[in-house]
Protein chains: 2
Amino acid sequence: MTATETPTAEAEGWLARFSAALSAGDVAAATGLFVDEPFWRDLLTFTWNVKTLEGRDEIAAMLAAVLGNVRPAAWAIDGEATQTDGITEAWFTFETAVARGRGHLRLDGGRCWTLLTTMTELKGHEELKGPRRTQGVRHGAVKGRRTWLEERTAEQAELGHGRQPACVIIGGGQGGIALGARLRRLGVETIIVERNARPGDSWRNRYRSLVLHDPVWYDHLPYLPFPDDWPVFTPKDKFGDWLEMYARVMELNYWGGTEFLGASYDAAAGEWAVTVRRDGAELVLRPQQLVFATGAYGYPRMIDFPGADDFTGTTLHTADYQSGEDFRGQRCIVIGSGSSGHDIAADLWEHDADVTMVQRASTIVVRSETLMELGFAELYSEQAVERGITTEMADLLFASMPFRLMPMTQVPLYEEIARVDAPFYERLKATGFRLDFGEDGTGLMAKALRTASGYYIDVGASDLIADGEIKLKSGVGVEHIGERSVTFTDGSELPADVIIHATGYGSMDEMVERLISPEVADRVGRFWGYGSGIEGDPGPWEGELRNMWKPTHQEALWFHGGNLHLSRHYSLYVALQIKTRLEGIPTPVYGMPAAAPRPS
Amino acid sequence: MTATETPTAEAEGWLARFSAALSAGDVAAATGLFVDEPFWRDLLTFTWNVKTLEGRDEIAAMLAAVLGNVRPAAWAIDGEATQTDGITEAWFTFETAVARGRGHLRLDGGRCWTLLTTMTELKGHEELKGPRRTQGVRHGAVKGRRTWLEERTAEQAELGHGRQPACVIIGGGQGGIALGARLRRLGVETIIVERNARPGDSWRNRYRSLVLHDPVWYDHLPYLPFPDDWPVFTPKDKFGDWLEMYARVMELNYWGGTEFLGASYDAAAGEWAVTVRRDGAELVLRPQQLVFATGAYGYPRMIDFPGADDFTGTTLHTADYQSGEDFRGQRCIVIGSGSSGHDIAADLWEHDADVTMVQRASTIVVRSETLMELGFAELYSEQAVERGITTEMADLLFASMPFRLMPMTQVPLYEEIARVDAPFYERLKATGFRLDFGEDGTGLMAKALRTASGYYIDVGASDLIADGEIKLKSGVGVEHIGERSVTFTDGSELPADVIIHATGYGSMDEMVERLISPEVADRVGRFWGYGSGIEGDPGPWEGELRNMWKPTHQEALWFHGGNLHLSRHYSLYVALQIKTRLEGIPTPVYGMPAAAPRPS
């Protein structure tokens, strides 16, 4: 950038050179426009994948492989670029042969440091919205007209019976519902299969005191944001009601009270046989595309402690915990110190139970208020909204930072958090509570993305631990369980009426094994994490979450989920990919990683 | 405006002089800033009324009466002013002693032609939204905590039983629901009483083929607009579903299946006794404030034709019509040529009934497509949205044009409509159909506001009439009814199996008489219309809709309703007025008209 050149002019200049190089098929020229260690994250447009190319060589290899098919064009800076600390940032739009896209770039010294390209819509298969919205009625006189209600009723009666859906989504929580809305707007006939009776029940059935731990601006569903008086933290039942309402007004074909029994793929026919139980009868659905949207986790994991069969008290997993009212006055041992373990220990204390938390491994703890101020404020907050950061922009900005650069932003953040809350952490550590900020100091969000476990956003339990109200046994494991007690590896013994396994969940691959087959589970491999190499997320480095929102090693099988932000944002890409398969649009996938070995 | 002065500078200058005059209490100086024939429409801020002051004298009288109490201040132009055809337009904000406001002005030759001042919120009683939204949970450990669900459940159990609501709304259609949402956000405990079981039923129960006649941009409810793929014209059942979900997520206390039996006011106690029947039992609610939100109309009006008792066929009012399926192949006479008459005649034709429409009076007909392009496009359309006209802005712009100026905008519009659709009108008139564009040429919307009758937005019936598919008898009345026929005043007789009274509804005052008392009905007087002097809306001129959304001659009794635009916009002012009464904020009402005599 010259002395007189505005950031916008700089960005426009760079984009013009980039566009020219790509149009000329000049890979070397294109990669020469990047810094020495660049990152290009592509969501479908170039790679038909969710893919980060790291370094010039990877970028060059990708372009060489795909440029001829992709035929990118119509690159244009959108709005004004900005410059902060020498980095120029800009938004842009572009097109490919079959799609339209939106992206974000960061320039450092005139060359591109991070590039994000994302697909927004498929040409010829745009959502019917805005000026293209439907009329709602055929004006004029039409004999034999069917009203909206009659069409809807007929659709619900026929789909899955007389007419097979193009897509089936297993799991009707926020992920399945968000994806269902996206697919409907793309005209893909979809059935959502959910074991609970009503949309929202998966939240209603959680423990009584649960509220969302992420703030409202992070949690919007696609197309219909929460109204502006929605509370910062949504109580579980209120969220359940919203999901129920959303599924209704988005006209989703939601099969509640329907149990998914299993699925198998017929490659020759290009369809799945999906067996469900509904109204007491088994039924086979035959969609071309199948999505697991059952959550980030697999089955609840109970630890098989020696002597467990001798225990005369109550044993349960946090997944089945409802309320401390059931355990008032009882001696409760909560084994595990993640989110559920903390929430439930606090709920037990509020109901005058005698609570001890057993911390088996170090935990990342961040105070909710601190995380709101320091973690969320930039992208997902009232202030961000006031600064003009829409939910869509926040999602794209979040996506524009590759996993490899996470330490760069997260380590300083957690150093700041440690400073700001030093007294809090001191009090907590003084109890013997084992704290960490991640093996490499990258903190809570990185931990969640790597292992989906081992952290707690503090909304009150930590003070109870610090004050000794929730008792703590740390740095020990369970040796064995007695008739009415638990003995630890340090020889100590505690009486116990209730043992609660806050021991997390298995991984999605167990569900795939049980509900599709061991062969498919092996073929698809490990889920979640991105190869950071820390405990629970072994290498090699992948740089993207395994198997999430992208093609897997099982044809026509997709996995959707994650927190509300990820469910919202990535539902778009899952829906677009499904649409392309159904429309027969060629989608040569670039850079699909080998399946990582399943956890042992 | 000087040659070099921008519209914004002109508007700022005018506003500064206006502000200075008001602050100095200099009424003469303030009124001198207006043109010779100005209009100032105030929604609460100055007059605690919905009031148009017409002319300098009325403005001066109002200011002299209220200025000392209102203490307006902090006037500021908001955004950039624009200039078109010599008229400068600008938005502004301001404050009063107790409220904040927003307004719009039009300057002509440097002086004010139209001024709109509206209340947006009460100081100290702001809605809990945005940065002031609730947390949703009390973080920290709290024994005896009640979850959201427990609070909601308790509220629903107690309100109306152990604890009386501050406000009761009779009628749970879109008006009652919109108002209920506004009141909840102002912290006013409210019960909505609705005879039908579920929110939305008042729409579900309408005739099968009904869709909204106004386009989506006109129809949004407050706080939660329809998503951007919502159809242009909403089918009745889809709208019913939206209302049901809206009532749920807005946490309204909605008493469905509850019949309102009557109410009486105890002025000494400052409360109403509202008798309802719910779950088979009578119950008395004791709110301080009562709102009728039962719709723009009173009871269905059947005409008592001579010989009606002899008729052996089926007789019904359009309010009870469901579907032409019930009348397939039968000879149907539809008496009346308004919206319902046309819709139902078309529905009968679609079901192969033999239909004759009896047109007793001239009708205003406009084609839906034409009305969309020429009538709605400026404020409520996709194009308006793209031009940056939000729903709130559209509502305020609509409100900024006083009734007195309606001919100025509407007459040319209808001349254009007549030109554009001349062939259509020729074909229709050739059948003998009696068309008009209002006594003074002001067209459909003016007619709706004056009499709420006598018009049809054509969505297909007119072509059927023009083509003779729907037969027409026009310019005659019904002489008498035979056993299976109808004889007209011209001596002709038609066989009939079904007689449908598309004869409209009575006026709200009948409901007030029956459900409160004749005394209160007489005291409150006539509803709707604004004194235009045309048939159905006798003078004297009032310039505002009688009794709607503003204080009435019965203390603590309000009337809310109108189409979806009016329900949405004016629900704000009804809610604010109710809040002020409950908070004991003084609200000296200026310029309340005498009650107009009830229709005979």
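The values are calculated or read from the model by the stated rules, or taken from the named source; none is laboratory data. This one's a predicted model, so the numbers in the text were calculated from it and none came from an experiment. Cβ placement follows ideal geometry from the backbone for every residue including glycine, while neighbour counts extend to all protein chains displayed. The protein model used for the area step is the full one, side chains on, heavy atoms only, and it has no ligands, DNA or RNA in it. Shrake-Rupley method; radii C 1.70, N 1.55, O 1.52, S 1.80 Å.
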Subject >> Percent of Cα-Cα distances greater than 13 Å, calculated over region B:214-268 >> reply: 70
Original post:
Using the reciprocal of the averaged 1/r over all distinct C-alpha pairs, how large is the Kirkwood radius of region A:174-327 in Å?
Top reply: 18.0
Original post:
Just how far, in whole angstrom, is region B:214-276 from region A:18-90 if you go by their alpha carbon centroids?
Top reply: 51
Original post:
What is the P(r) of region A:31-80, as percent of Cα-Cα pairs per 10 Å bin from 0?
Top reply: 24, 52, 24, 1
**OP:** Starting from the residue with the highest accessible area, list B:SER264, B:SER23, B:SER323 in decreasing order, probe 1.4 Å.
**Re:** B:SER23, B:SER264, B:SER323
Subject >> Convex hull of Cα atoms in region B:397-464, direction-averaged projection (nm²) >> reply: 5.2
Original post:
Can you run phi through the Karplus equation (6.51, -1.76, 1.60; θ = phi - 60°) for region A:390-398 and list ³J(HN,Hα) in whole Hz, with x for Gly and Pro?
Top reply: 6, 4, 4, 5, 4, 4, 5, 4, 4
Original post:
So what's region A:357-412 giving for Cα Rg divided by 2.2 N^0.38 Å, two decimals?
Top reply: 1.42
Subject >> For q = 0.22, 0.25, 0.29, 0.30 Å⁻¹, Debye-computed log10 I/I(0) when each Cα of region A:176-216 counts as one equal scatterer >> reply: -0.84, -0.91, -1.00, -1.02
Subject >> 0 to 90° range, to nearest 10: angle between helix B:148-158 axis and chain B longest Cα axis >> reply: 70
**OP:** Any chance you could tell me what percent of the C-alpha pair distances in the protein assembly as shown go past 59 Å?
**Re:** 22
Original post:
For B:ARG484, which inter-copy label distances result when the label point lies 7 Å beyond Cα on the Cα-to-Cβ vector, reported in nm to one decimal and in ascending order?
Top reply: 8.9
Original post:
Measuring label to label, 7 Å along Cα→Cβ, what does A:ALA61 give against each other copy in nm, shortest first?
Top reply: 8.6
Original post:
With solvent modelled as a 1.4 Å probe, how much accessible area in total do chains B and A shield from it at their shared surface, in Å² to the nearest 100?
Top reply: 5300
Original post:
Taking only C-alpha pairs under 8 Å that are 6+ residues apart, what is the relative contact order of region B:101-247 in percent?
Top reply: 17
Original post:
Could you give me the ³J(HN,Hα) list for region B:197-204, computed from phi with Karplus coefficients 6.51, -1.76, 1.60 and θ = phi - 60°, whole Hz, x at Gly and Pro?
Top reply: 5, 10, x, x, 4, 4, 8, 4
Original post:
Got the relative contact order for region A:479-600 handy, in percent, Cα pairs under 8 Å and 6 or more residues apart?
Top reply: 17
**OP:** Kindly work out what percent of the DSSP beta bridges joining two residues of the protein assembly as shown are antiparallel, to the nearest 5.
**Re:** 55
Original post:
Taking all protein chains as present, what is the carbon and sulfur share of the accessible area of the protein assembly as shown, in % to the nearest whole number, probe 1.4 Å?
Top reply: 49
Original post:
Taking a quarter of the surface of the convex hull around the Cα atoms of region B:401-507, what do you get in nm²?
Top reply: 8.7
**OP:** Calculate the all-directions average of the projected area of region B:504-600's alpha-carbon convex hull, and give it in nm².
**Re:** 6.9
Original post:
Antiparallel DSSP bridges in region B:1-137: what percent, to the nearest 5?
Top reply: 85
Original post:
What order do you get for B:518-526, A:573-581 when each peptide is scored by the mean count of other beta carbon atoms within 10 Å, highest first?
Top reply: A:573-581, B:518-526
Subject >> Tilt relative to chain A, helix A:406-420 - C-alpha long axis, 0 to 90 degrees, to 10 >> reply: 40
**OP:** Determine the dipole magnitude for chain B: charges of +1 sit on the beta-carbon of Lys and Arg, -1 on that of Asp and Glu, nothing else is charged, the reference point is the Cα centre, and the result goes in debye to the nearest 20.
**Re:** 2180
**OP:** Please give the per residue volume of the convex hull enclosing the alpha carbon atoms of region B:43-127, rounded to a whole number of Å³.
**Re:** 106
Subject >> Distant-in-sequence amide H partners of B:HIS317 (H built 1.01 Å from N, under 5 Å) >> reply: B:HIS501
Original post:
How big is the accessible area of A:LEU564 in square angstrom, nearest 10, if you roll a 1.4 angstrom probe over the protein chains?
Top reply: 10
Original post:
What residues qualify as long-range amide H neighbours of A:ARG360, i.e. H under 5 Å apart, gap of 5 or more or another chain, H built at 1.01 Å from N?
Top reply: A:GLY336, A:SER337
Original post:
Under the Kirkwood approximation for Rh and a Cα-based Rg, what ratio Rg/Rh is obtained for chain A?
Top reply: 0.98
Original post:
From the backbone phi of region B:559-571, what are the Karplus-calculated ³J(HN,Hα) couplings (6.51 cos²θ - 1.76 cosθ + 1.60, θ = phi - 60°) in whole Hz, Gly and Pro given as x?
Top reply: 10, 10, x, x, 5, 5, 5, 5, 4, 5, 5, 7, 4
**OP:** Just the Kirkwood number for region A:173-263, please: inverse of mean 1/r across all distinct Cα pairs, in Å, one decimal.
**Re:** 13.7
Subject >> Whole-Å semi-axes of the ellipsoid equivalent to region A:1-74 (Cα gyration tensor, √5λ, descending) >> reply: 22, 14, 12
**OP:** Any chance you could check the Cα centroid distance between region A:389-425 and region B:437-512 for me, in angstrom?
**Re:** 67
**OP:** Please state, to two decimals, what the Cα-based radius of gyration of region A:258-387 comes to when divided by 2.2 N^0.38 Å (N = residues).
**Re:** 1.57
Original post:
In what sequence, largest accessible area first, do B:GLU54, B:GLU415, B:GLU439 appear using a 1.4 Å probe?
Top reply: B:GLU439, B:GLU415, B:GLU54
Original post:
Got a sec? Which residues of region A:123-141 lose 10 Å² or more of accessible surface with every protein chain in place, vs. that chain alone, 1.4 Å probe?
Top reply: A:LEU128, A:LYS129, A:GLY130, A:PRO131, A:ARG133, A:THR134, A:GLN135, A:GLY136, A:VAL137, A:HIS139, A:GLY140, A:ALA141
Subject >> Three semi-axes of the equivalent ellipsoid, region B:322-378, Cα gyration tensor, whole Å, largest first >> reply: 27, 14, 7
Subject >> Position A:GLN135, label points 7 Å along Cα→Cβ, spacing to each other copy in nm (shortest first, one decimal) >> reply: 5.4
Subject >> Axis-nearest residue in chain B [Cβ, rotation onto A], distance in whole Å >> reply: B:MET245, 2
Subject >> Solvent-accessible heavy-atom area per residue, rounded to whole Å², over the protein assembly as shown at 1.4 Å >> reply: 37
**OP:** Report Rg (one decimal) and Dmax (nearest whole number) for region A:543-592, counting Cα atoms only, units Å.
**Re:** 11.1, 31
Subject >> Cα long-axis angle, helix A:236-249 against chain A (0 to 90 degrees, to the nearest 10) >> reply: 30
Original post:
In terms of modelled amide H atoms, which long-range or inter-chain residues lie less than 5 Å from the amide H of A:VAL355?
Top reply: A:CYS332, A:LYS471
**OP:** Would you calculate a helix-derived [θ] at 222 nm for chain B, using -39,500 (n - 2.57) for each DSSP H run of n ≥ 4 and dividing by the full residue count, to the nearest 500?
**Re:** -9000 deg cm²/dmol
Subject >> Rg and Dmax of region B:526-572, Cα atoms only, in Å >> reply: 11.5, 31
Subject >> Normalised contact order of region B:161-250, rounded percent, pairs of Cα under 8 Å and 6 or more residues apart >> reply: 31
Subject >> Net charge dipole size for the protein assembly as shown [Lys, Arg +1 and Asp, Glu -1 on Cβ; Debye, nearest 20] >> reply: 640
